[in-house]
Structures are given as structure tokens and as C-alpha cells.
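Undergrad: What follows is a structure written as C-alpha cells; I'll ask about it next.
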Amino acid sequence: MAAATAATQGENDGKSAPYLTALNEEQRKAVMATDGPVLMLAGAGTGKTRALTTRLAHLLFTGRAQPWQILAVTFTNKAAREMKERIGALIGESVEGMQWLGTFHSIGAQILRRHAELVGLKSSFTILDADDQIRLAKQVIEAANIDEKRWTGRGLAFVIDGWKNRGLTPDKVPANEAYHFAEGRGITLYTAYQERLKTLNAADFGDLLIHNLTIFQNNADVLAEYQNRFRYMLVDEYQDTNVAQYLWLRLLAQKHKNICCVGDDDQSIYGWRGAEVENILRFEKDFPGAQVIRLERNYRSTPSILGAASGLIAANKDRLGKELWTDVEDGEKVRVRGVWDGEEEARIIGDDIEAEQMKGQSLSDMAVLVRASFQMRAFEERFNTLGLAYRVVGGPRFYEREETRDALAYLRLIRSADDDLAFDRIVNKPKRGLGDKALQVLHKIARAQGVPLMAASRIALESDDLHAAARRSLVNFVDTIDRWTRDAKDMAPADLTELVLEESGYMEMWKNSKSPQAPGKLDNLKEFIQAVSEFDTLEGYLDHVALVAERSEDTGEGQVWLMTLHAAKGLEFPVVFLPGWEEEIFPSKRSLDEKGNAALEEERRLAYVGITRAEESCRISFAANRQIYGRWQAAMPSRFIDELPEDHVEVMSEPGLYGNAAADLASHSSFDGEKLREDAYYDNPGWRRARAANARPRTEPPMIEGRAATVSVSAPGHSNFSKGQRVFHQKFGYGTISAIEGQKLTVDFEHSGPKKVIDTFVNAA
């Protein structure tokens, strides 16, 4: 009612509106700056949602716009619903008519349905989900007579989605990027994919904005209609926008230029899915005369947590800059702790959680945030041992993941030939020519004879029920399982597991996969082998898994949160644990190899996000040793630890763990990260332990950008490629290997020049 009354009387300044009293000075300034472009640079925990929703309510209350004249864009439907509810609470009524408040995709779909014919669709078009998109991509690949085992539908869908995120229709994709898929046929397949969508009267999620851009760019009258309609525009999480979203917003804002973007360049962590931090960095250039209003008063964390986070992120060069502050009392300093190995890290964190629980802290007030999902395994097992209830956010638990269950199925079948569930799961995974028809034959024999599927397979091989190709595949499968079963009597479980995953082709299947999930699955398989290495017998490990894989239930005392740092964005917890702060884990070696300094800055932003999730206590840890494939590896503390301001950090370490440097660090007489790395290399007890196991450490620490990198205490891995060999990389295309260092290749790419890449990211051409 208030908004309607104000509208009939004309605009008012709203300075006495009651909703302004709850705002601080900077928030109020952001709300009242209604004319022209505004960038609300909102740090973590500074109340940006309150400022954004209050600004929208202010536009309605003062009559500056009717509900249907405001475009408000969020990234999730949940955020859109919450925004609408908050606005209604602020102005004392339910907000009706706000049809343009929603996600980029939902608003894009509304516009597309109104003008579908302009891009060759009917208004009744279907929106494909991710599974349908992959299925359609697979059909396009098969129609082009391309080997779908090598060039998968999932891989093509991923490449096409990347192009659409950048606003590229098939005719606009740079010619050299055709080599991103199927040896130069990527653009042709993209064209065929779009034509197939049109035939089906369908659009995928990327099309919802791509088609909008095409309509606006080719139809000035339609663009003018929406430019006139949207008197005010508000955009949440602007740092997460991709190129297509950026172009869409710029086109719509050109008439009134009353666009307010809210975001934090220091929390731009989704570059891997198309987000462009440059969008927020160049806001003032895109919108001359823009006001930049910094929200820096934090309502979440203690001064030490904010000081540590601010000091860390200051090392980034590509940022607009701000300084978080709070007027709350001092809390504990950020704790940095060095431990012996990953197992010790999980034990100490488990003990700390129990100690906090004894003080009255709920389990649900505590979170363990890891850089990569494979790190979760050690914590899941420790929490199960302690009986601590926990929940994994953003994905399945370690032993519920596809790749883990597949690997377990191989081991279960080796342990027991009667395990039909394991047989069914892996008999044709990876694909070995044993399709549905062959499996139907085996199941029929098993039922008729009353025997397990493995025994049924032996019977089938004595009959003529299988085609020749299926018979050959089944003979090979049965013989291989029999051989592994014999090997299991003498081999260490971890060695057997590594042998099985390699000889079965399962590891190779994920190495060759173009899926964006493949690298993570390979990491999880390596962690799986590490888990097996902790047991003397295969039976002991499988029995252990059967116990720890049980889902822990909430006992009424809450559940510890276990998630990746990416999944934690937007959340907050009184107590946060940040394990695995070691070079090559965090920052991620894979990311640095792929994107260099840009990736390093994003990794640092991810560290900033992790620290600022903590309200009262933030505890960082790193291990001196990690086991990879059952072999000890000496680990170096992350460079991010060096960048934490001394005044806000309390350092703890096991006695003698890193020589004299640890003592200097703990006393704050010297915060010398380079010395820490040097002593870690030459004085690390893990080296003595590794040497005792006949490992062969390198003689001097390798360097990454002037810093000592993680040093392997086992013989360095060797690439299967050779110098001068021609290879193909999904991103860079074709090239020739000019140098090899372990598993790192220097490749002279035809279109991208020399790049350093990991061998698992290239295929022989």
C-alpha cells in the first residue's frame, strides 16, 4: 500500500522511511544512490543482501518505479524468493507484479518465449536439462561418425556450454577453437547441435541468454522495448557473471543506466565455470560516472579473522581494494598448525571438534572446508571412528561416489566370485563389448542353474549362447579376474588395487574422459589407493569400508559440515577448520599448470573465502607428509600461510617438525616462509622415514616462481610420452612435445604457442 500511495503522489526522497534505521552509513548511502550506475562493493559478512533488498524496497516506496519496471537478477531461485519476502516485510505488504525478479535463466526464458519466432523457435519450446543436453550431444557425435568412446557427449556438451557462457554462437567461435573437440570438428558439431535443437523446438540453459543476445542485437525495436521497460536494474553476485550475462546486462542498461551491481571481486572463485572477475573490475569503465560504494563493516567475524583474510588477499594485484573491519571485541587469533601427516591432521581436527562439543558448541556450528573432494576421505573415516555425526555438502560421501563404488566392486569380486552386485557393476565398465544382450544371457543361465554370475559366465563360455565378440570379451574378463584373485594372495592390497585399476582400463577411461569431473575422479581414485594402503589384507579393508560407509545420523546434537571451499561460499560457521594448506593441494597444482597467475589469484580468493566463513575461530593446518599411491611425499606449507599477517596468527607445530624455522615462526621472531620451506626440505623427519623405506628423494628442492615446491620423496613419476611426439590438448589443440620433466610436459602448440601441461591432460595425436 505504501508503494502505491507514493507512486500516486510522485517520487519522494524516503529519507524518513523506517527501513533505513537498520542500516549503517555505507549501506544507507548505497540505498539512497538511486540515479545512475552504482557498484556496491560488498565484502564478506557486510550485510550486502540487506542493502540490496532495502534499495529495491526504497525504489518502490518512493515511487521511482513500479514493480514491473524493475529488473532484479539473482543466481538462484532461493535467493529470488528470499529477496521478494524481505521486500514485502520492509514496506509492509506482499510485493505483487515483480515478474522480472529472478535468475538470469528464468528471466531470459520469459523474454525468449515472447520472441521465440525471431530465433526460429515456437513459444512452446522445451528447455532441456543437463541429461537431455548430453544425450543430444551424443546423438550429434554419432551422426557425424565420430568415436563416442573417445569424444563423449558429456565432453561436447561441456565445450558448447563454455562457448555459450562467452556469448559465442557457432559463427562467432574463433576458428582455432574448433580443435577443442574432435580434432578440429568442434564448431561443426556445435552447428549441428544447434540445428538439432531447433528441429526439436528446444533450448538448453545456455540458449536462454544466447538467444536473448541474438534477438536484441538483430531487432532494435525489441531491445528498445526492454530498455524502456527496465527503469532500474539490480544485480546480485556480479563477480560471478560470465561473458554472456555481462553482455545481456550491458545491452539492457544502456537507456536509463540506473544499474546497481552488488558483488565482491575478492570472492570471485568460479572461473572454472565461466565466471569473469574482469566484469566487476571494469565496471567503472563500462559505466562512466559510476559510484563505487564499499561495504566494509563486517558483522560476522572477529578482528583477527578479518585481519588475516585482508592481509592474505592484499597479495592479489587484480582487485579494487577494500579493508574489512568490525567493532566486536577481539577473539582468538587464526591458528596455523603443522602436523606429521594427513592421518594426524584428521585425528587432531576430530579431537578439536570433540573438545568444542564438550564446551557446549553444537556440531552443526563447526565445518571442515577442503580444497578438493578427495581430502574428505580421511575426515569421514575419523568422524565415523569417533561417532561424530557429519554431513557432506555438494556431493556424495567418499564411499558413495561413482568411481569409489566402481573400484570397490572390482575388489569385492576378487574377494568373492559370488558377489553378483559387484559383477553387474563392473563387467562392462569400462565398456568391453558386454552389452545388455550378453548380460541377459548370463542372468538367464544364473537363474536356471542357481549359480552366481561368475559361474554362469564359465557355463556360457562352454555354450553357443554368446556372439563371438562378446565371447572373446567375456573370456578376457573371467581370465583377468581369476589372475587378480591369484595375485591377491601375495600382493599388498594397495599394489593389487593399483594393478586392477590400471589393467582394467578404468583409470585410463577417466584419463581419456573430456568430462569436467574427470580430474576430480582421478584424484579420488588416488585417494582410494591411499586408503587401501593402510591395511595389510584386502579382507580387512573391505570389512572396514562396510563399517565406515554407514551413513551417520543426526543424534540431535547436529552434524559437522564437511564440504569443499567452493560449496561453502555464502555460508558461515562459528568454528571453521581449513586443512591441507600445502603447495600443490592449495593452491592447486593443476590450476596453476593450466592458467598460471590468473589461477593463483583465484586460488588466493578461495583461501580468503575460506577464512571469512569463520565467525569465532579459524584453524588452518598443513601436513609435513602425504601418501600418494602408498608412497610418502614430503609436503611444503602453502605459500598462502606465508602471506597471513603475523599479528593475527598463532602458529603451532609438532616439535622438530620443520626444524628451527618452526620455533622462529611460533615465537614470531621471524615469519620467514622461505626459511620454513628450506628447513622443511632438508630437516623434515618425513625424509628420514622415507629413506628408511628405500625411497629416493631429489637432491634439491624444485622451484615454482621462486618458491620451493612440494618435493616427492619417492622416485618422480615419468611420463608415457616422448620428446618430439605430437599430442592433442582439449583447450590448446595440437602441438609437439619439446621437453619432459616427470609428468609435466612443455608443448609447442600450433595455435597457442608453448605451454606447460600435465601429461594426463593430453592425448597422443
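Undergrad: What size of dipole, in debye to the nearest 20, comes out for the chain about its Cα centre when the only charges are +1 on Lys and Arg C-beta atoms and -1 on Asp and Glu C-beta atoms? Before the final figure, lay out the partial values.
TA: Values: 96 positive and 113 negative charges, 487 e Å.
Here the size comes out at about 2340 debye.
Undergrad: Under a cut-off of 22 Å between alpha-carbon atoms, report the lysines in cross-link reach of Lys429, not counting same-chain residues fewer than 8 places apart.
TA: Lys138, Lys149, Lys437, Lys444, Lys511, Lys514, Lys521, Lys526
Undergrad: Among Ser515, Asn165, Thr34, which residue has its Cα positioned farthest towards the positive end of the charge dipole of the chain, with +1 placed on the Cβ of Lys and Arg, -1 on the Cβ of Asp and Glu, and the dipole taken about the Cα centre?
TA: About the Cα centre, the residue reaching furthest to the positive side is Asn165.
Undergrad: Just to confirm a number: summing +1 for Lys and Arg and -1 for Asp and Glu over residues other than Thr485 whose beta-carbon lies under 14 angstrom from that of Thr485, what do you get? Don't skip to the end; give the middle numbers.
TA: Details: positive: Arg412, Arg415, Arg458, Arg483, Arg486, Lys489; negative: Asp418, Asp419, Asp479, Asp482, Asp487, Asp490, Glu503, Glu539.
With Lys, Arg at +1 and Asp, Glu at -1, the net is -2.
Undergrad: Still on this structure, please answer the following. Compute the signed sum of charges (Lys and Arg +1, Asp and Glu -1) over the other residues within less than 13 Å, Cβ to Cβ, of Arg432. Numbers along the way, then the final one.
TA: Working: positive: Lys149, Lys429, Lys431, Arg471, Arg472; negative: Asp479, Glu503, Glu508.
Every neighbour counted, the sum reads +2.
Undergrad: Below 9 angstrom from the Cβ of Leu565, what's the summed charge of the other residues (Lys, Arg +1; Asp, Glu -1)? Walk me through the intermediate numbers first.
TA: Details: positive: Arg371, Lys569, Arg613; negative: none.
Cβ neighbours under 9 Å give a net charge of +3.
Undergrad: Would you work out what percent of the accessible area of the chain, with all protein chains in place, is carbon or sulfur (probe 1.4 Å)?
TA: Numbers: 15380 of 32320 Å².
Carbon with sulfur: 48 percent of the solvent-accessible area.
Undergrad: For a quick check of your reading of the filter: which trypsin sites (Lys or Arg not before Pro) in segment 346-405 sit in a DSSP loop and have no more than 13 other Cβ atoms within 10 Å? Spell out each step's value before the answer.
TA: Numbers: sites: Arg347, Lys359, Arg371, Arg377, Arg382, Arg391, Arg397, Arg401, Arg405; in loops: Lys359, Arg371, Arg397, Arg401.
Of the trypsin sites (Lys or Arg not before Pro), the ones in loops of segment 346-405 whose Cβ has at most 13 other Cβ atoms within 10 Å are Lys359.
Undergrad: Still on this structure, I have one more. Straight distance only, please: which aspartates and glutamates reach the Cα of Lys164 with their own Cα at less than 16 Å, same-chain residues fewer than 8 apart left out?
TA: Straight-line reach from Lys164, under 16 Å: Asp129, Glu177, Glu195, Asp204, Asp207, Asp240, Glu276.
Undergrad: Shifting gears a bit: Modelling each spin label as a point 7 Å along the Cα-to-Cβ direction, I'd like the Leu20/Ala448 distance in nm, to one decimal.
TA: Here the answer is 8.6 nm between the modelled labels.
Undergrad: Could you work out [θ]222 nm for the chain from helices alone, using -39500 (n - 2.57) per DSSP H run of at least four and dividing by all its residues? Round to the nearest 500 deg cm²/dmol.
TA: Numbers: 31 runs with 344 residues, N = 765.
Dividing the helical sum by the residues of the chain leaves -13500 deg cm²/dmol.
Undergrad: In straight Cα distance, which lysines are under 20 Å from Lys257, not counting same-chain residues fewer than 8 positions off?
TA: Cross-link targets: Lys29, Lys285.
Undergrad: Grab the beta carbon distance between Thr537 and Leu421, set R0 = 25 Å, and tell me the FRET efficiency rounded to 0.05. Don't skip to the answer; put the middle values down first.
TA: Values: r = 22 Å, r/R0 = 0.86.
E between Thr537 and Leu421, to the nearest 0.05, is 0.70.
Undergrad: How large is ³J(HN,Hα), in whole Hz, for each residue of segment 81-90 in order, when computed from phi with the Karplus curve 6.51 cos²θ - 1.76 cosθ + 1.60 and θ = phi - 60°, using x for Gly and Pro?
TA: Per-residue couplings from phi come out as 4, 5, 5, 5, 5, 5, 4, x, 5, 5 Hz.
Undergrad: Among the GluC sites (Glu not before Pro) in segment 453-551, which ones are in a DSSP loop with at most 14 other Cβ atoms within 10 Å of the Cβ? Mind listing them?
TA: Numbers: sites: Glu462, Glu498, Glu502, Glu503, Glu508, Glu527, Glu534, Glu539, Glu550; in loops: Glu462, Glu534, Glu550.
For GluC sites (Glu not before Pro) across segment 453-551 that sit outside H, G, I, E and B with at most 14 neighbouring Cβ atoms in 10 Å, the list reads Glu462, Glu550.
Undergrad: Separate question: Kindly report the accessible area of segment 179-223 per residue (heavy atoms of protein chains, probe 1.4 Å, no ligands, DNA or RNA), in Å².
TA: Numbers: 1800 Å² over 45 residues.
Value for segment 179-223: 40 Å² per residue.
Undergrad: Tell me, what ³J(HN,Hα) does each residue in segment 141-148 have, in order and in whole Hz, if you take phi through Karplus 6.51 cos²θ - 1.76 cosθ + 1.60 with θ = phi - 60° and put x for Gly and Pro?
TA: Karplus values, whole Hz, x for Gly and Pro: 5, 5, 5, 8, 6, 9, 5, 6.
Undergrad: Could you order the peptides 561-572, 54-65 from most to least packed, using the average number of other C-beta atoms within 10 Å per residue? Please list the in-between numbers first.
TA: Values: 561-572: 19.3, 54-65: 23.7.
Final packing ranking: 54-65, 561-572.
Undergrad: Could you give the nm distance between label points at Glu329 and Arg472, where each point is 7 Å from its Cα heading toward the beta carbon?
TA: 7.8
Undergrad: Report, to the nearest 10°, how far helix 436-449 tilts away from the longest principal axis of the Cα atoms in the chain, using its own Cα long axis and a range of 0 to 90°.
TA: 50
The values are calculated or read from the model by the stated rules, or taken from the named source; none is laboratory data. Because the structure is a prediction, the values reported are computed rather than measured. Here Cβ is always computed from backbone atoms with ideal geometry, including for glycine, and neighbour counts include all displayed protein chains. Keep in mind that these areas ignore ligands, DNA and RNA; they rest on the heavy atoms of the full protein, side chains included. Shrake-Rupley method; radii C 1.70, N 1.55, O 1.52, S 1.80 Å.
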